[in-house]
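Q: Quick one: this structure, given as structure tokens, is what I'll be asking you about.
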Amino acid sequence: MLSNKLIITIFLLILLFTNIEFRVSYPDHKTAKSSQVVPVDSIDTDSQNPRRGSPETSDYSKYGISQEMFNEYKVLNEKETRYVEYKDSDDMLMAKLVQLNYINKSRAKYKAPPVRLDMLGSRVANRISKEACEQGFEGHWNTRGEKPYHRYAFAGGVDHVSENVYAMWTSGILDPSPENYVDFMHKGHDGFMAEKAPQDGHKRNCIDPDHNFVGIGCYMTSHRFRYYEEFIDRYIDFIDVKKKVNAGQEFSITLKPITPIKHICAVIVYYEPFPEPMTPAQINETTSYPDFTSDVELSLGPWEIKVEQETGNCTIPMKLSRKGLYYVHIYLSHKKHRGSEFTTEGKIQASGLVISAFD
């Protein structure tokens, strides 16, 4: 048996050669980094196989999850038909509900309302986690050059998403166990919450009161772990949208706030070229990503937005000038706008709609 002194020495050596990075999805380009080591497991992404390193679904109370809560999300998981190849098994769904409760405890400390687990967001997060582990990168881009809002939109999402990334790699062999897996998820989130201003972008993302859903994704190999939190702002019902159009084509999108106490106060459409492939090395050189571009295709203030009184629907005409992607920001406010001046500061960016324009 190894002495306690030798065990401590080995642990410190492992810690010295292990690095964990945290990155955040804020457009202020701030990022934060930290280091620690935690034993974790290899997770199988095949939804037909139970994933090792996750709690047993039969033991709900041990992890603070009621059977009713689990059954509710199991139904939602079965109903979601998009990205089925990244669907969570029952065991992994249980683990994510444990993590959801943990995230909501953090939010409650700062008087932020709880978030619900988003199935599509979780599958999008599962995919990027798997790709990052297998291809050896960490960050907000994938090798197709897609940023978080691209990935969520291309999977069928229309809501605004803000991403936190937790990455770890080690030369050692990561130890599988249900306790270690759940503990590692907790420690990743703890790292975000331990940040201090002004380098606290992850923490601010975790406790943003406007978020109302979160996608949770992860993947593990013998030497790597990736964990993604996709915080979502879901406040708009998109009634009629076109995600693929021809450049120069006239069309419109129709939408309305899900709740009548929110009011559409601005629309800004940003242009960007289609993503180009990136190597893992290029991705690893990046930090946080911008949530918009400097190329504005369309900008509408509150006085230019017409809302039907009877239905609450808002129809926005568009004509996109060039081939490429158009990222649609729709801002909501708690009060109807008054006056001739306007700012998006303090408003809810409630849209992640991405429209592709082709020649």
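The values are calculated or read from the model by the stated rules, or taken from the named source; none is laboratory data. This is a predicted model, so every value here is computed, not measured. Ideal geometry is used to build each Cβ from the backbone, glycine not excepted, and the neighbour counts take in all protein chains shown. These area figures cover heavy atoms from the full protein model, side chains too; ligands, DNA and RNA do not enter into them. Shrake-Rupley method; radii C 1.70, N 1.55, O 1.52, S 1.80 Å.
Q: Of all the residues that make up region 275-305, how many are touching a strand residue (DSSP E or B) at 6+ places or on another chain (Cβ under 9 Å) and surrounded by fewer than 13 Cβ atoms within 10 Å (Cβ to Cβ)?
A: 4
Q: Looking at this structure, is N71 of a type in the set (S, T, N, Q) and within 16 Å of the chain's Cα centre (by Cα)? If you could, list the steps in order and put the result at the bottom.
A: Numbers: of a type in the set (S, T, N, Q): yes; within 16 Å of the chain's Cα centre (by Cα): no.
When the stated conditions are applied, N71 does not pass them.
Q: While we're looking at this one, here's another question. G191 - would you say it is among the small types (G, A, S), out of contact with any Phe, Trp or Tyr (no Cβ under 6 Å at 6 or more places or on another chain) and buried (at least 19 other Cβ atoms within 10 Å of the Cβ)?
A: Working: among the small types (G, A, S): yes; out of contact with any Phe, Trp or Tyr (no Cβ under 6 Å at 6 or more places or on another chain): no; buried (at least 19 other Cβ atoms within 10 Å of the Cβ): yes.
Considered against the rule, which asks whether it is among the small types (G, A, S), out of contact with any Phe, Trp or Tyr (no Cβ under 6 Å at 6 or more places or on another chain) and buried (at least 19 other Cβ atoms within 10 Å of the Cβ), G191 comes out as no.
Q: Another question, if that's okay. Within region 293-302, is even one residue modelled with pLDDT of 95 or more and within 20 Å of the chain's Cα centre (by Cα)?
A: For region 293-302, residues modelled with pLDDT of 95 or more and within 20 Å of the chain's Cα centre (by Cα): present.
Q: Continuing with this model, one more query. State all residues of region 72-106 that are more than 18 Å from F192 (Cβ to Cβ), among the hydroxyl-bearing types (S, T, Y), open to solvent by 10 Å² or more (accessible area, probe 1.4 Å) and assigned to a helix (DSSP H, G or I); if no residue qualifies, say none.
A: The one that is more than 18 Å from F192 (Cβ to Cβ), among the hydroxyl-bearing types (S, T, Y), open to solvent by 10 Å² or more (accessible area, probe 1.4 Å) and assigned to a helix (DSSP H, G or I): Y86.
Q: Mind checking which residues of region 250-274 are open to solvent by 40 Å² or more (accessible area, probe 1.4 Å), assigned to a strand (DSSP E or B) and under 14 Å from H334 (Cβ atoms)?
A: Passing the criteria: only H263.
Q: Restricting to region 306-317, and then to whatever is farther than 22 Å from R234 by Cβ and of a type outside the set (D, E), can you tell me which residue is least open to solvent (accessible area, probe 1.4 Å)?
A: The qualifying residue least open to solvent (accessible area, probe 1.4 Å) is P317.
Q: Within region 321-346, can you find the residues that are open to solvent by less than 60 Å² (accessible area, probe 1.4 Å) and either basic (K, R) or in contact with a Leu (Cβ under 8 Å, 6 or more places away or on another chain) (or both)?
A: Y326, Y327, V328, I330
Q: Follow-up. Which residues, counting only those in region 107-125, are in a loop (DSSP other than H, G, I, E, B) and either buried (at least 23 other Cβ atoms within 10 Å of the Cβ) or in contact (Cβ under 8 Å) with a residue 40 or more places away in the chain (or both)? I'd like the intermediate steps shown before the answer.
A: Here is the first cut: in region 107-125, the ones in a loop (DSSP other than H, G, I, E, B) are 110-115, 118.
Those that are in a loop (DSSP other than H, G, I, E, B) and either buried (at least 23 other Cβ atoms within 10 Å of the Cβ) or in contact (Cβ under 8 Å) with a residue 40 or more places away in the chain (or both): Y110, K111, A112, P113, V115, D118.
Q: For region 347-358, which positions are closer than 20 Å to P257 by Cβ and either basic (K, R) or surrounded by fewer than 17 Cβ atoms within 10 Å (Cβ to Cβ) (or both)?
A: Result: K347, single match.
Q: A further question on this structure: Tell me, please, whether a residue that is at pLDDT 95 or above, outside any loop (DSSP other than H, G, I, E, B), open to solvent by less than 30 Å² (accessible area, probe 1.4 Å) and in contact with a strand residue (DSSP E or B) (Cβ under 8 Å, 6 or more places away or on another chain) can be found in region 205-212. Give the derivation first.
A: Filtering region 205-212 for residues at pLDDT 95 or above gives 205-212.
Going one step further and asking which of them are outside any loop (DSSP other than H, G, I, E, B), we end up with 205-206.
Filter once more, keeping what is open to solvent by less than 30 Å² (accessible area, probe 1.4 Å): 205-206.
Imposing the further condition that a residue be in contact with a strand residue (DSSP E or B) (Cβ under 8 Å, 6 or more places away or on another chain) reduces the set to 205-206.
The answer is yes; a qualifying residue exists.
Q: Kindly check whether there is at least one residue in region 168-180 that is farther than 18 Å from T221 by Cα and either open to solvent by less than 20 Å² (accessible area, probe 1.4 Å) or at pLDDT below 95 (or both).
A: Step one: of region 168-180, the residues farther than 18 Å from T221 by Cα are none.
No; the residues of region 168-180 include none that is farther than 18 Å from T221 by Cα and either open to solvent by less than 20 Å² (accessible area, probe 1.4 Å) or at pLDDT below 95 (or both).
Q: Tell me which of these I128 doesn't satisfy, since it passes every other one: (1) crowded, with 23+ Cβ neighbours inside 10 Å; (2) in a loop (DSSP other than H, G, I, E, B).
A: I128 satisfies all of (1) crowded, with 23+ Cβ neighbours inside 10 Å; (2) in a loop (DSSP other than H, G, I, E, B) except (2).
Q: Counting only residues that are in contact (Cβ under 8 Å) with a residue 40 or more places away in the chain and charged (D, E, K, R), which one in region 215-239 is most open to solvent (accessible area, probe 1.4 Å)?
A: Going residue by residue through region 215-239, those that are in contact (Cβ under 8 Å) with a residue 40 or more places away in the chain are 215-236, 238-239.
Of the ones still in play, those that are also charged (D, E, K, R) are 224, 226, 229-230, 233-234.
On the way: R224: 81, R226: 4, E229: 0, E230: 6, D233: 9, R234: 59 Å².
Top of the filtered list is R224.
Q: A further question on this structure: What pairs come out if I take residues in region 74-99 that are within 17 Å of I128 (Cβ to Cβ) and among the polar types (S, T, N, Q) and pair them with residues that are in a helix (DSSP H, G or I) and open to solvent by less than 10 Å² (accessible area, probe 1.4 Å) whose C-beta lies under 6 Å away, six or more apart or interchain?
A: Here the result reads Q99/M185, each pair linking region 74-99 to a residue that is in a helix (DSSP H, G or I) and open to solvent by less than 10 Å² (accessible area, probe 1.4 Å).
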